[in-house]
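The values are calculated or read from the model by the stated rules, or taken from the named source; none is laboratory data. In this text, all values refer to a predicted model and were calculated from it rather than measured experimentally. As a convention, Cβ positions derive from the backbone with ideal geometry for all residues, glycine included, and neighbour counts pool all protein chains shown.
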């Protein structure tokens, strides 16, 4: 218990020392975050305009995603910084290291692939990826494709995760079943 307390104090000290912001800080400044969201570590939010950002319910945001409600590239030519709202609607998944630019809405149930740069609004029920992000397929087409892969893939229970204390035998079994070109699924 004492070590948890020390770690908490260290993390809070680091936050203030390095002027880091946490999700709770963005919310206090006006960013809206819905219920039942899974926002992974390393989210970078545009603190200077975070009140222009709204995240709906049941959204999953992978690590190291950038939400930028402003773009200073216009300042040199116009004397003004471009700003715009970011709206992430319900049930959206945003892949790791994605950048979402100002003036973008990501529609309900959309999936954004990893390392995408979203510069324009993405409609609901689609998968989009790339730089700039473009629609790849519908969510239904993606679901059908995954179901086809899933039926022949190795499946692993949550006992094969760090949160459940995976042991060395399970790690080796997983490596064996997932040859270099084989994909599996874990709970």
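Rundown of residues vs (1) at positive phi; (2) in a loop (DSSP other than H, G, I, E, B), yes/no style:
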{"site": "27", "(1), (2)": "no, no"}
{"site": "49", "(1), (2)": "no, no"}
{"site": "58", "(1), (2)": "yes, yes"}
{"site": "75", "(1), (2)": "no, no"}
{"site": "96", "(1), (2)": "no, yes"}
{"site": "105", "(1), (2)": "no, no"}
{"site": "124", "(1), (2)": "no, yes"}
{"site": "129", "(1), (2)": "no, no"}
{"site": "136", "(1), (2)": "no, no"}
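Would you confirm, using the coordinates I've provided, whether residue 109 is touching a helix residue (DSSP H, G or I) at 6+ places or on another chain (Cβ under 8 Å) and surrounded by 15 or more Cβ atoms within 10 Å (Cβ to Cβ)? Before you say what the answer is, go through the steps one by one.
Numbers: touching a helix residue (DSSP H, G or I) at 6+ places or on another chain (Cβ under 8 Å): yes; surrounded by 15 or more Cβ atoms within 10 Å (Cβ to Cβ): yes.
Yes, satisfied.
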- How many of the residues in the stretch 5-26 are modelled with pLDDT of 55 or more and farther than 18 Å from residue 100 by Cα? 6
- Which residues, taken from the stretch 38-47, are in contact with a strand residue (DSSP E or B) (Cβ under 7 Å, 6 or more places away or on another chain) and assigned to a loop (DSSP other than H, G, I, E, B)? 40, 43, 46
- Just give me the residues in the stretch 172-187 being closer than 28 Å to residue 145 by Cβ, over 23 Å from the mean Cα position of the chain (by Cα) and at pLDDT 90 or above, in sequence order. 173, 174, 175, 176, 177, 178
